[in-house]
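J.: Before I ask anything, let me first share the structure, which is written out below as structure tokens.
The values are calculated or read from the model by the stated rules, or taken from the named source; none is laboratory data. Every value quoted in this text rests on a predicted model; they were computed, and no experiment measured them. A quick note on method: Cβ atoms are made from the backbone with ideal geometry, for glycine too, and the neighbour counts reach across all protein chains shown. Calculation scope for accessible area: heavy atoms of the full protein, side chains included, ligands and nucleic acids excluded. Shrake-Rupley method; radii C 1.70, N 1.55, O 1.52, S 1.80 Å.
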Amino acid sequence: MLLKRCERLMDILEKHGIDGALITSKTNIRYFSNFTSDEAVLIVSRNGRSLLTDFRYTIQAKEQCGSAIDVIEVSRAIATDEITAALTRMGVKRCAFEDGYLTVRAFNSYKDLPVELVPMTPDIDRCRLVKDGYEIECLKKAQSIADAAFAELITKIHEGMTEKEVANELDYLLRVHGAEENSFDTIVGSGPNGALCHATPGARKLQKGDLVVIDFGCKYMGYCSDMTRTIAIGEPCDELKRIYDIVLKAQLTALDKLHPNMSAKELDGVARDIITQESYGECFGHSLGHGFGLDIHEAPYASTRSQDTLVPGSTITVEPGIYVEGLGGVRIEDDCVLTEDGFINLASTTKQLIII
Ligand code: ZN
Ligand code: ZN
């Protein structure tokens, strides 16, 4: 599997006249070598693959990388002369690097390497666009943990609980159900705070009439889930109910139209048109969705300016929202995987408004 991934990377890079890659981001080190720390540099070429790491990680690296990658123990800081030696051994002349993730300090230390460095972040990242069967199983499991945790959470949420308490409880339940860690910091926005798309859970207590936006996810074998549900504490006012219904209609319609090889921009437009027709277009200021995998946000992206295509094996969230300052917000999000003849919606939690 690792060998195939590295060969695919080289297929792409060779089209640009590049004969090696210096992989330094945690996500791509994991994808191409299975090694789960970023205290390493991975060098990929047709003539070999080497992971350079220090004493603290060599046993772990050998176990995780298996036979596909040579693990080389180096001094604690990843020294450039050791990278030089590996690149020379492999005969690399033009070397792709991850300009999107490197610090200026690291980049400066690589300037003296005896290769031409070529910034290739988007091309390297796009190797992860199409998920294989193992990856899809991990994504399914990550979302099933999230569904189970949420089902238990809603039996515990009550008026007077703070947003922070809701987030803490949810994070705990995710761990109980098998999550390794969160995909991102849990978002809980109650009442007017729901209008903050990425609300940080705070001391505000849930009140009767609130809508509460809960956006969360967890990782399984490094793969991320991402789901949003908006629930009500008691009966919400007419405008909030109306907003909920519009967002739900936009979300369901987008799912109805979702199909393999459609343009991601077109999908965004399906949901956006519905929200705009209901005069809330200005209140939907973010894009409709994003891919997810080892990173919580990765290609493809469904936005008004996207040029991405939703090919089979790629992932996409469908997450329209309406946010009204001073009143509150609604977002409903599922995470989906495109297949040859349709898509799998990984989320199974109901989208009918849950009133606590
Ligand atoms: Zn989300
Ligand atoms: Zn999302």
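J.: For region 166-198, what are the residues that are closer than 27 Å to residue 238 by Cβ and over 18 Å from the mean Cα position of the chain (by Cα)?
T.: 166, 188, 189, 190, 191, 192, 193, 194, 195, 196
J.: Among the candidates 217, 222, 194, single out the residue that is within 18 Å of residue 337 (Cβ to Cβ), within 16 Å of ligand 1 (Cβ to nearest atom) and modelled with pLDDT of 95 or more.
T.: 217
J.: Go through region 279-356 and tell me which strands (runs of 3 or more DSSP E), entirely inside it, have 2 or more residues that are among the β-branched types (Val, Ile, Thr) and more than 13 Å from ligand 2 (Cβ to nearest atom).
T.: So the answer is 321-324.
J.: So which residues in region 30-88 are at positive phi and touching a residue at least 40 places away in the same chain (Cβ under 8 Å)?
T.: 48, 66
J.: Let me ask something else. May I ask you to list the residues in region 229-279 that are in contact (Cβ under 8 Å) with a residue 12 or more places away in the chain and among the β-branched types (Val, Ile, Thr)?
T.: 230, 231, 233, 243, 246, 247, 253, 270, 274, 275, listed by residue number.
J.: To continue, here is another question. Considering only region 279-309, how many residues are surrounded by fewer than 17 Cβ atoms within 10 Å (Cβ to Cβ) and more than 22 Å from residue 31 (Cβ to Cβ)?
T.: 8
J.: So, one more: Kindly indicate the residue of region 197-215 that is in a strand (DSSP E or B) and in contact with a helix residue (DSSP H, G or I) (Cβ under 6 Å, 6 or more places away or on another chain) and also farthest from residue 64 (Cα to Cα) among those meeting that condition.
T.: In this case the residue turns out to be 210.
J.: Is it the case that some residue within region 255-264 is out of contact with any helix residue (DSSP H, G or I) (no Cβ under 7 Å at 6 or more places or on another chain), open to solvent by 10 Å² or more (accessible area, probe 1.4 Å) and small (Gly, Ala, Ser)?
T.: Yes, because at least one residue in region 255-264 is out of contact with any helix residue (DSSP H, G or I) (no Cβ under 7 Å at 6 or more places or on another chain), open to solvent by 10 Å² or more (accessible area, probe 1.4 Å) and small (Gly, Ala, Ser).
J.: So, in region 101-116, of the ones that are open to solvent by 40 Å² or more (accessible area, probe 1.4 Å), out of contact with any Leu (no Cβ under 9 Å at 6 or more places or on another chain) and modelled with pLDDT under 95, which residue ends up nearest to residue 69 (Cα to Cα)?
T.: That would be 101.
J.: I'd like to verify a number: residues in region 216-227 that are assigned to a strand (DSSP E or B) and crowded, with 24+ Cβ neighbours inside 10 Å, how many?
T.: Selection size over region 216-227: 5.
J.: For region 242-262, state whether one or more residues are away from ligand 2 (no atom under 16 Å from the Cβ) and part of a strand (DSSP E or B).
T.: no
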